[in-house]
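The values are calculated or read from the model by the stated rules, or taken from the named source; none is laboratory data. For clarity, every value in this text was computed on a predicted model and none was experimentally measured. Note that each Cβ is placed from the backbone with ideal geometry, even for glycine, and that neighbours are counted across all protein chains shown.
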Amino acid sequence: MEKYDKKFWQAALIRALRTVLQTALAALTAATVTDYINWSTVISSSLLAGIYSLLTSLGTGLPEVQQPQLPPPKE
């Protein structure tokens, strides 16, 4: 798994953590309108967003981490 080095995982986990926190903040902000916080919904949706963030990073890569480029095929 040389494509995903330590630098990649650090950046992907930081990105996922930010996504979790942003989702939790958005859910809590929306909950203040109704004066009711459903903690299981806040936690589960935030964690799911973090998982999706990691999967997206694995599937598309991260612009802040340069990925090794394969040489073009010889014709």
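Summary table
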read-out: In region 24-53, the residues that are assigned to a helix (DSSP H, G or I), of a type in the set (Ser, Thr, Tyr) and more than 16 Å from LEU13 (Cα to Cα); value: THR29, THR32, THR34, SER40, THR41, SER44, SER45
read-out: Single condition GLN69 does not satisfy, out of (1) assigned to a loop (DSSP other than H, G, I, E, B); (2) at pLDDT 95 or above; value: (2)
read-out: Top-ranked residue of region 23-36 - restricted to ones that are touching a helix residue (DSSP H, G or I) at 6+ places or on another chain (Cβ under 8 Å) and modelled with pLDDT of 90 or more, ranked as farthest from LEU54 (Cα to Cα); value: LEU28
